[in-house]
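One structure below.
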Amino acid sequence: MATESKTEVGSYFISNYPPFSQWSAEALDDVRAALHAPPLTPPGSSEPAPLGLYLHIPFCRKRCKFCYFRVYTDKRADDVETYVSALSHEIELVSKLEVMGGRPFRFVYFGGGTPSFLSGKQLTKLVDRLRANINWDHAEEVTFECEPGTLSEPKVATLRELGVTRLSLGVENFSDAVLEENGRAHLSPEVYKAWDWIRAAGFPNVNIDLIAGMVGETWDNWKDCIKKTIALDPESVTIYQMELPFNTVYSKDILGNQIETPVADWPLKRAWVDYAFDELAAAGYSVSSGYTMVKDKSKVNFSYRDNLWHGSDLLATGVASFGHASGVHYQNEPDWAGYVGRLEQGELPLHRGMKPTPHQLLVREMILQLKKGWLDAGYFKRKFGVDILDHWRGEFQQHADDELLTIDADGVKLTRKGLLRVDGMLPAFFEPEHRGVRYT
Ligand SMILES: C[S@@+](CC[C@H](N)C(=O)[O-])C[C@H]1O[C@@H](n2cnc3c(N)ncnc32)[C@H](O)[C@@H]1O
Ligand code: SF4
């Protein structure tokens, strides 16, 4: 989170509220109660919340030195088989939960780790097994995250056949020296090879992920990366500012050897994103959040993000994954043995949870939607019965005085300055007891 100028170890990306550190096993009764009851209809709505499915595929070819996700790089084909069986079993259990309530999945997200680590054969087998219990025929979006070097022409074609509509490609950078330094498994030629196959397969929506502030980044190289990204003409571009959470290889190295952070400071990373947003805007893209620019707002929506940020239900499957059902948060078993073992016992692998208060659900939606760059006060009035402009008058005014946003009768709108540091603005809206606590 961007409060200090230096990129220190312990920075993080806000993706939920209350902070994960506040979740516990004690809340699992609340989680089970939510999962084993029909879905709730949110206030102000006439139908149950939309339903999404997240599937975590935790394998990668190599651990990137900056990555903080739960990933395994040492698993063999029989381990992958074990995992795929456990995941299929979990989906079978999930599909029978009362909270499904006959709802079709509106969106599906294969995230990781690296879902594209699975071979075409493993993928087809997984999807066949999943389809015995669920389908995503009516989903408006099926996202699949890919690492360029794991793709092949037949695998890309298989993904399209399996119904993937949004392919997200972890390009991160175009310089082979930078990619190598940061421990990426792929180099730039693999991006170009994969790109031809992806375009030939005709996905409606292809996203490129970049990171501003990889170790070794320079202005010249960054400009070149943006030029090359625009030349590929993706439907959307997502740019993360490099974070150093505690559990990355770089973080451990910095703490263990007491060395200076090798990552550019926050003002420079923001300047790089600012430059990228300007260049993408000049190429016809528009802002869709503090991280994402899209080519055509009317065609390219991001259903997973938008539904999640509006309080949809998300059934989480896979090791360590995070879900949300009928207003209750939960996380699955965070390690392999626990996850596989619980499923072998025929149980859902629930690990910890939290039942937020109605006010905490309001904070959650408010801070997540602020990441899009604007807030519709009417939405919060209808859903939570709260006038957010009045409720957080002081906080919004402070941000306005700092030129991070503007306020009018309908809501607030972030300035570019605010958009570039939106994660740093959010703790001001946390409840006081959550401001000083560790986030994860
Ligand atoms: C699960 S990965 C995407 C798929 C695939 N594993 C890959 O890396 O190509 C999600 C994205 O998180 C971003 N990311 C990972 N670690 C990060 C960090 N420390 N700071 C900022 N972004 C990070 C990267 O842009 C990455 O593409
Ligand atoms: S950034 Fe992607 S490829 Fe790298 S370790 Fe993390 S999940 Fe795996």
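The values are calculated or read from the model by the stated rules, or taken from the named source; none is laboratory data. Everything numeric in this text was worked out from a predicted model, so none of it was measured. Virtual Cβ from ideal backbone geometry, glycine too; neighbours counted across all protein chains shown.
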Checked the stretch 8-22 for anything part of a loop (DSSP other than H, G, I, E, B) and not small (Gly, Ala, Ser); matches are Glu8, Val9, Tyr12, Phe13, Ile14, Asn16, Tyr17, Pro18, Pro19
Name the residue, out of Met293, Met366, that is in contact with a strand residue (DSSP E or B) (Cβ under 6 Å, 6 or more places away or on another chain), farther than 20 Å from Pro38 by Cα and buried (at least 18 other Cβ atoms within 10 Å of the Cβ).
Met293
Specify which of the listed residues (Leu362, Leu350, Leu404) is over 21 Å from Pro19 (Cα atoms) and either touching a residue at least 12 places away in the same chain (Cβ under 8 Å) or among the charged types (D, E, K, R) (or both).
Leu404
Could you go through the stretch 247-262 and let me know if any residue there is hydroxyl-bearing (Ser, Thr, Tyr), outside any strand (DSSP E or B), surrounded by fewer than 19 Cβ atoms within 10 Å (Cβ to Cβ) and modelled with pLDDT of 95 or more.
no
In the stretch 46-61, what residues are surrounded by fewer than 20 Cβ atoms within 10 Å (Cβ to Cβ) and either at positive phi or within 10 Å of ligand 1 (Cβ to nearest atom) (or both)?
Arg61
Quick one: how many residues across the stretch 227-243 are under 17 Å from Leu420 (Cα atoms) and among the hydrophobic types (A, V, I, L, M, F, W, C)?
3
Between Val363, Val340, Val412, Val437, which is outside any loop (DSSP other than H, G, I, E, B), closer than 21 Å to Ala25 by Cβ and of a type in the set (Val, Ile, Thr)?
Val340
Listed residues Gly183, Gly202, Gly213; which is crowded, with 22+ Cβ neighbours inside 10 Å and of a type outside the set (A, V, I, L, M)?
Gly213
(1) in a loop (DSSP other than H, G, I, E, B); (2) among the hydroxyl-bearing types (Ser, Thr, Tyr); (3) surrounded by fewer than 18 Cβ atoms within 10 Å (Cβ to Cβ); (4) touching a residue at least 40 places away in the same chain (Cβ under 8 Å): which one isn't true of Thr82, the others all being true?
(1)
Please go through the stretch 165-206 and give me each residue that is assigned to a strand (DSSP E or B) and either more than 19 Å from the chain's Cα centre (by Cα) or within 13 Å of ligand 2 (Cβ to nearest atom) (or both), ordered by number.
Ser168, Leu169, Gly170, Val171, Glu172
Is there a residue in the stretch 405-427 that is of a type outside the set (Lys, Arg) and either within 25 Å of Met100 (Cα to Cα) or assigned by TED's automatic domain parsing to the domain that holds Pro43 (or both)?
no
Within the stretch 120-153, work out how many residues are within 16 Å of ligand 1 (Cβ to nearest atom) and not charged (D, E, K, R).
10
With the requirement that a residue be at pLDDT below 95 and part of a loop (DSSP other than H, G, I, E, B), what does the stretch 52-79 give you?
Tyr68, Phe69, Arg70, Val71, Asp74, Lys75, Arg76
Yes or no: Ser236 within 16 Å of ligand 1 (Cβ to nearest atom), in the same structural domain as Leu169 (by TED's automatic domain parsing) and either touching a helix residue (DSSP H, G or I) at 6+ places or on another chain (Cβ under 8 Å) or modelled with pLDDT of 95 or more (or both)?
yes
Scan Thr73, Thr114 and give me the residue that is surrounded by fewer than 16 Cβ atoms within 10 Å (Cβ to Cβ), within 16 Å of ligand 1 (Cβ to nearest atom), farther than 20 Å from Gly202 by Cα and under 23 Å from the mean Cα position of the chain (by Cα).
Thr73
The one condition in (1) buried (at least 19 other Cβ atoms within 10 Å of the Cβ); (2) away from ligand 2 (no atom under 16 Å from the Cβ) that Glu140 fails to fulfil
(1)
In the set Leu268, Leu280, Leu255, Leu314, which member is among the aliphatic types (A, V, I, L, M), touching a residue at least 40 places away in the same chain (Cβ under 8 Å) and under 16 Å from Arg106 (Cβ atoms)?
Leu314
